[in-house]
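Student: Following this message is one structure expressed as structure tokens.
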Amino acid sequence: MAIKVSGKVWKFGNDINTDLMDPGFARAGGWEMTRKYILHIHPKFNAEVKAGDFIVGGRNYGCGSSRETAPSNLKRLGIGAVIGESFGRIFFRNCIAVALPILQCPGVAELFHEGDMAELDLVNAVIKNLTTGKEKKGMPLSEEMLTMISKGGIIEILKETMK
Amino acid sequence: MGMTMAEKILARASGKKEAKAGEYVTANVDMIMMHDGFGSVSTVLENTGITRVFDPDKIVVLLDHQVPPGSLVGAELYRRVRNAVKKFQIKNWYDWKAGICHQIMPEKGHVLPGSLIIGTDSHTTTYGALGAAATGMGFSDAAYAVTTGKQWFLVPETVKFVLKGKFPPRVMSKDALLYLAGKYTAEVAQYKAVEFSGPGAKEMSLSSRMTMSNMGVEIGAKFAFFEADEKTLAFLKGRVNKPVSKFGPDPDAVYEKVYEVDLSALEPQVAFPHTVDNVRPISQVGDVRIDQVFLGSCTNARLEDLQIAAEILKGKKIHPDVRMIVTPASMEVYREAMHGGLFDVFIDAGAIIQNPTCGACQGVHTGLLAPGERCISSTNRNFKGRMGSPESEVYLASPATVAASAIAGKIADPRKV
């Protein structure tokens with residue numbers, strides 16, 4: 001199994017909560033309005049994000065609610081991977097459940113400037129800055145988690161179980 | 001070597017003699033709680049071709065997040081949930097007649113000490129107040145558990161908070177939790193279980209314990225336990241028809257870290273925007289004018305919370321520039337508050353009273369904030385845009401502080417009213 005992805009980096013600070021990735025106030029307007037407000041605290045992200053881009057967050061990224069729409073909205077935008085100094089537990093678990101590559105890597109915030117190109121080797125938990133050539137090792141996922149991501153999420157596993 | 005509460009429960013639920021922090025287990029869950037999230041869960045089940053749940057007795061479904069819906073999106077979601085409840089023959093179904101999920105689960109006897117519970121809501125940690133290992137998950141994880149009865153867990157390390165001393169008057173368990181968040185950050189228990197123990201924990205009412213366990217997730221916790229003791233059993237009496245017993249950690253359990261907190265030294269605390277750990281004691285709050293006051297949510301809308309607010313508001317009027325919303329956590333609380341005369345106090349003071357719902361706490365319906373407005377709230381999150389406009393501000397505090405602030409029109413010390 002090899003899960004390697006690369007993309008352009010968008011940087012975020014500490015304590016980016018799940019409400020920012022799926023704002024309650026925008027729900028009444030459906031995806032169109034939600035799309036407009038995903039991570040709206042960043043001045044450019046929303047308008048300029050492209051499929052394959054990475055998010056590099058600070059500490060406690062994804063703190064807050066259990067809304068799986070936080071990672072699935074990111075997937076819908078085409079985000080290729082989320083890397084952070086540390087993560088809110090449910091967000092981390094939800095990323096694995098929906099097969100959005102995620103890596104906890106202390107020190108990653110200083111490895112990147114916004115706009116740098118990044119490459120993630122998820123199996124070996126290595127995140128590399130292709131712009132500067134520097135890399136860091138993060139905390140490896142368990143084999144079960146990697147399997148879940150490579151198969152497309154826990155629902156795909158469930159389908160196999162039900163056969 | 002002894003086990004923590006988390007280790008004991010995960011060992012039992014995964015059919016093992018022992019479970020140690022750091023190990024992965026596949027465990028049988030004892031109960032699954034789903035609120036509005038069942039709409040998404042049931043869609044996943046239908047798309048996967050699943051027609052039945054693993055055990056109808058072990059599933060609770062209710063509606064609480066937008067009761068009654070204020071948008072078509074909400075109305076359609078609720079219709080989907082109601083249809084799915086029939087289709088999957090859910091037995092423990094409360095519709096929107098009972099109240100907020102985290103109040104209803106204990107009230108209706110679905111939380112047993114020592115059990116393993118998952119819910120489609122981050123504040124599922126609330127049931128730790130009754131000695132249950134309870135945690136929030138997303139709807140895909142919930143769909144897996146609803147079908148198979150199982151889920152994977154990383155056995156967490158446990159952090160212990162030893163609570164000593166007695167609260168001064170009008171200082172509440174909410175203040176204790178906010179104090180911990182402020183002092184040790186919102187990550188003090190990231191990925192970990194918490195055990196609140198010591199004489200201060202024993203002394204606390206079930207209601208106060210639930211507030212702390214509820215906000216356990218705001219300091220990162222996966223589970224947030226109190227020991228199940230005489231008070232827990234007294235609460236459960238008449239609510240469950242199964243034998244229940246006390247539950248706690250082994251005396252020689254190993255903790256990652258132990259913190260001591262002197263409750264008698266605490267003053268009321270306020271979390272400033274936009275993080276839960278941006279906390280100041282009331283003496284250092286300064287002059288913060290407010291527009292809205294919210295007394296509600298799974299954190300602090302039980303009878304004890306409404307009582308202390310009413311005690312402060314009795315015979316007084318809320319400030320003319322302030323509006324106050326009271327939303328009891330459940331119909332049981334609503335009825336008790338109504339019969340206890342609390343509604344008269346709130347109405348006389350100028351507040352409005354709503355049916356039980358998550359409501360204003362999460363900015364979907366019933367009381368959104370306009371740009372530039374400020375709210376002091378008895379809820380659990382003050383994230384940017386949480387209660388409405390991204391340009392509004394939310395300050396978190398206890399029911400006592402919230403009530404005192406309503407009168408003053410600015411954040412105020414409940415001990416000085």
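Read-outs: derived from the displayed coordinates by stated rules, not from any lab. Keep in mind the model is a prediction, meaning the values are calculated, not measured. With ideal geometry, Cβ positions are generated from the backbone for all residues, glycine too; neighbour counts draw on all protein chains shown.
Student: Which Cα, out of B:F343, B:L263, B:V81, lies furthest along the positive dipole direction of the protein assembly as shown (beta carbon charges, K/R +1, D/E -1)?
Tutor: B:V81
Student: Would you please put B:163-169, A:118-124, B:109-115, B:46-52 in order of how densely packed they are, using the mean number of other Cβ atoms within 10 angstrom per residue and starting with the highest? Display every interim value, and only then the final one.
Tutor: Numbers: B:163-169: 15.7, A:118-124: 19.3, B:109-115: 22.6, B:46-52: 12.9.
With the highest mean Cβ count within 10 Å placed first, the list reads B:109-115, A:118-124, B:163-169, B:46-52.
Student: Another question, if that's okay. Report, in listed order, any pair from A:K159/B:K17; B:K183/B:K317; B:K174/B:K316; B:K183/B:K314; B:K97/B:K242; A:K75/A:K128 with a Cα-Cα distance greater than 27 Å.
Tutor: From A:K159/B:K17; B:K183/B:K317; B:K174/B:K316; B:K183/B:K314; B:K97/B:K242; A:K75/A:K128, over 27 Å: A:K159/B:K17; B:K183/B:K317; B:K183/B:K314.
Student: For the residues B:Y255, B:Y127, what sequence is obtained by ranking on other C-beta atoms within 10 Å, fewest first?
Tutor: In order of increasing Cβ crowding within 10 Å: B:Y255, B:Y127.
Student: When only alpha-carbon atoms count, how far does chain B stretch along each of its three principal axes, as whole angstroms with the largest first?
Tutor: 58, 51, 40
Student: Starting from the eigenvalues of the Cα gyration tensor, five times each then square-rooted, give me the equivalent ellipsoid semi-axes of the stretch A:4-162, largest first, whole Å.
Tutor: Result for the stretch A:4-162: semi-axes of 22, 21, 13 Å.
Student: Within 10 Å of each Cβ in A:16-26, how many Cβ atoms from other chains are there, averaged over the peptide?
Tutor: 6
Student: Once every DSSP H run of n ≥ 4 in the protein assembly as shown is given -39500 (n - 2.57) and the sum is divided by its residues, what mean residue ellipticity at 222 nm do you get, rounded to the nearest 500 deg cm²/dmol?
Tutor: Values: 20 runs with 175 residues, N = 580.
Per the formula, -8500 deg cm²/dmol.
Student: Based on the Kirkwood radius over alpha-carbon pairs, what is the Stokes-Einstein translational diffusion coefficient of the stretch B:4-87 at 25 °C with 0.890 mPa s viscosity, in µm²/s?
Tutor: 162 µm²/s
Student: Consider just the alpha-carbon atoms of the stretch B:188-307 and return their Rg together with their Dmax, both in angstrom.
Tutor: 16.7, 52
Student: Tally Lys/Arg at +1 and Asp/Glu at -1 over every other residue whose Cβ is under 12 Å from the Cβ of B:I59; what's the total?
Tutor: 0
Student: Between Rg and the Kirkwood Rh of the protein assembly as shown, both from Cα atoms, what is the Rg to Rh ratio?
Tutor: Rg/Rh: 0.95.
Student: Continuing with this model, one more query. Going through the cross-link list B:K58/B:K150; B:K58/B:K91; A:K8/A:K151; A:K44/A:K137; B:K87/B:K150; A:K11/A:K134, which pairs have a Cα-Cα distance over 20 Å in this structure? The partial results should precede the final answer.
Tutor: On the way: B:K58/B:K150 12 Å; B:K58/B:K91 9 Å; A:K8/A:K151 24 Å; A:K44/A:K137 29 Å; B:K87/B:K150 22 Å; A:K11/A:K134 17 Å.
Listed pairs above 20 Å: A:K8/A:K151; A:K44/A:K137; B:K87/B:K150.
Student: Let me ask something else about it. Under DSSP H, which helices of chain A have Cα atoms covering 24 Å or more of the helix axis and a Kyte-Doolittle average no less than 0.0?
Tutor: none
Student: Then there is this: Which three lengths, in whole Å and largest first, does the stretch B:1-156 cover when its Cα atoms are put on their principal axes?
Tutor: Sorted largest first, the three principal extents are 55, 33, 23 Å.
Student: Could you compute Rg(Cα) / (2.2 N^0.38 Å) for the stretch B:270-416, with N its residue count?
Tutor: Rounded to two decimals, the normalised Rg is 0.93.
Student: Using C-alpha positions alone, give me the convex hull volume of the stretch B:90-244 per residue in cubic angstrom.
Tutor: 129 Å³
Student: Okay, moving on. Can you tell me the mean projection area, over all orientations, of the convex hull of the stretch A:1-45's alpha carbons? Units nm², please. Each step should come with its number before you reach the end.
Tutor: Numbers: hull surface 19.4 nm².
Taking a quarter of the hull surface, the average projection is 4.9 nm².
Student: How large is log10 of I(q)/I(0) for the stretch B:139-183 at q = 0.16, 0.17 Å⁻¹ when the intensity is taken from the Debye formula with one equal scatterer per alpha-carbon?
Tutor: Taken in order of the listed q values, log10 I(q)/I(0) reads -0.69, -0.70.
Student: Can you sort A:E160, B:E267, A:E85, B:E218 so the residue with the fewest Cβ neighbours within 10 Å comes first?
Tutor: So the residues, fewest neighbours to most, are A:E160, B:E267, A:E85, B:E218.
Student: If we restrict to alpha carbons, what Rg and Dmax does the stretch B:232-275 come to, in Å?
Tutor: According to the Cα coordinates of the stretch B:232-275, Rg and Dmax are 18.1, 45 Å.
Student: Among the trypsin sites (Lys or Arg not before Pro) within the stretch B:234-286, which fall in a DSSP loop and have no more than 11 other Cβ atoms within 10 Å of their own Cβ?
Tutor: Answer by residue number: B:K237.
Student: Still on this structure, I have one more. Restricting to bridges with both residues inside the stretch B:270-416, how much of the DSSP beta-bridge set is antiparallel, in percent to the nearest 5?
Tutor: Percent antiparallel among DSSP bridges in the stretch B:270-416 is about 20.
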